[in-house]
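Asker: I am attaching a structure below and will ask some questions about it afterwards.
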Amino acid sequence: MIAVGPHLDPARVAALGYCPDCYTASDSPVLVVPGQARCRVHMIDPQRLLETTSAGQVRLVSGPGGHRRPVYPTGLQVPCISCAAAGVDRQGLPRDNDESDPLCIPCWRGRVARREAFERRRLIAELRERLDDGGEPASCAACGEPDPVPACWLCGYSWLAEARVAQERADAAEAAQVADEFAQMTKVAIAERRVDELAEWVDRLRAVINGYPTGSRLARAVELLADVLARDATARATRRGRPPVETRRVWGVLAVDANWQSGRDGMPGRARSAELAGCSVRVVTDAWARAEALHWATRTCRGRRLTLAERITTGRTRDRTMFDLAPLHRSDIAGRAPYVPVALAVLADLAEHAATLLANAEAHLDATRAQADSWTERPEVLRRARMRAAVASSVERTRDMIRNSGSTLDIHGNFRSPHTVFSMLSVYSCLSWGFGFSPGNMSRSNRATNRRKRRRDQDGASRSPTNRLDDHAQVESRPLKRPRVISSISNRTAYRRPPWTDWAFELARALQNRWCWLTEVPIMRLAATLGPRLGPAWTEATADALTDFVQRARPVPVLTDPHTPLGYLRRILDEALTSGEQPPYPAALADAHQRDQEAAQRSLAATQAAVDRARLATIRAEWNAREQAAQAERAGCRSARSAALAAARGDHITATADWPAVSQPGAGLPGRLRSRPAGR
């Protein structure tokens, strides 16, 4: 800032770039804008002016200089340099010292913000340069040594980093140990819960078996099971064969699981019933369907997936199927009484099987506890032994009571042992997979199974096991307790292999490589879907043509993750092959669709021709009827006229008198033929 004294001329002050009016008014002149002689405050003459408004009134108007800030006799009166350069009359203040530029608060804050932003940008640039140079320096910043030196105050503390790494490693090992302990605790808890559930099931079966001789109300399940056995025996159309034991066990599980007071709210669960009955899930489904067909069980709630709110409330993801059993007072008491021993035998078998499951679960629990460095207390071991003894005693007592009852009904049920075969040889598995045959070119095991099947067809039925044994192993022939009758063996006709088995599998693998949503689909089902719809011209090399044809024939793009991949594939193939787009290679479904259209057109043409023929026949019949009526009318007129003329001439009298006799049938030969000799 230039010090301007009062002895300077105003022209000299204006030449230096300051406002002469401000110099005259005070000792602190204000800088002016380049090209101007005065500041913005003194640009207009501060004299009073008159102004006439639009309404015709006259008023006094003061110029911009009249609104200048008043000058106080005391205090620091320094204008802001930045505001004065812009022509703004605003007081400032030196912030750092007396020699610093006087600034107002907005200008000072702006300058500080700009300085901080510049410093921030400088630090960021330095950090980027340091990162571009390779990160941390290779040597110590204090001593300059590349390796840590104990005497240095900076790099001498590198052992802290090693200690930190060691501590982190120890913390990770401790966390892994804690997680392992929690996993072991979870396994032990799951095993204990399973043991408790099986123990509760065994106690319930014991209560049912032991309570029936004493007349306890807990033994209502025996009567319920006897009721369904009586219904099943009554509904059977033939006495050949016996119902399987697994079905009776499933019914027993359902009867025991239901409410012992009313027989309602039976909710055993499909997988749980299969485990407790010792059978497969398919047997459980068939047994439930049979119970519903006999009107013994009524399904009141069908199993389904629960919603999020229901999962939070119940703690499970699925809802079980619920059954209500038929009340006992509505059944035939005399009809179910003979089946009570059979029901007791079934429940005894269930109790014995449940005891085996409980023993296995307890062994698994002991092994899990051993892995978790725990053990089983002696009171629990004694309780297990007492429970096993009690179950064995109850089962033996029940079987003695059944033997002493003198029942003549079949106690053991089905005598036919299960026949283990390869899954592809099963009728149900083949039909459910889309096959009506046993494909023999799938794997080595399939070919070996087919060879055994052909050998069995040639040599007759075989009782040997189906699994492969060693050459030196000795197989003992186990005679059946009750051999099968010859009439029960069905001579099943072998199915013929379809022609598409030679090319459909390669096409299916090629499509799995191109459509990722077909990767999880079994190759046999995929081939069974493609075979009946396509032809031998569709090979592995034409997989790209098939995908392009499907995308071109369907206006909707192909999904990337369908819910049912096999069903979606059938749908898009049917839509593509029955559309107006011509496939690049002949396809069976397209040919069938074209033949159906041609047959429909021929049928429509034949129907229209038949309608036309019927209409023409009707018209012709009308014409013939009219012509016959006209001819009859004309013939009637002629006959009436001829009869009148003959009556006038008297011809009818002569004709009646001279008419010869006519020989009647059965009257014999004429007389001249009777007198002829027999030899002539």
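Asker: Apply the Karplus parameterisation 6.51 cos²θ - 1.76 cosθ + 1.60, with θ equal to phi minus 60°, to every residue of segment 374-386 and state each ³J(HN,Hα) to the nearest whole Hz, in sequence, with x for glycine and proline.
Answerer: So the J values, rounded to whole Hz, are 10, 8, 9, 5, 5, x, 5, 5, 5, 5, 5, 4, 5.
Asker: Kindly state, to the nearest 0.05, the FRET efficiency for ALA271 paired with PHE182, given R0 = 25 Å and r defined as their beta-carbon distance.
Answerer: 0.40
Asker: Hey, if we sort SER579, SER639 by accessible area with the 1.4 Å probe, largest down, what's the order?
Answerer: Output order, biggest surface exposure first: SER639, SER579.
Asker: Relative contact order of segment 226-368: what whole-number percent is it, with Cα pairs under 8 angstrom and at least 6 residues apart?
Answerer: Relative contact order of segment 226-368: 31 percent.
Asker: Give me the percent of the accessible area of segment 107-215 that comes from carbon and sulfur atoms, probe 1.4 Å, all protein chains in place.
Answerer: 56 percent
Asker: Taking only protein heavy atoms and a 1.4 Å probe, what accessible area per residue, in Å², does segment 505-622 have with all protein chains in place?
Answerer: 59 Å²
Asker: As a test of reading the structure, rank ASP196, ASP89 by solvent-accessible area (1.4 Å probe, protein chains only), most first.
Answerer: From most exposed to least exposed: ASP196, ASP89.
The values are calculated or read from the model by the stated rules, or taken from the named source; none is laboratory data. Nothing here was measured: the structure is a model prediction, and the numbers come from that model. Counting neighbours? That spans all protein chains shown, and the Cβs are built from the backbone with ideal geometry, glycine included. Note: areas computed on protein heavy atoms with side chains; ligands, DNA, RNA excluded. Shrake-Rupley method; radii C 1.70, N 1.55, O 1.52, S 1.80 Å.
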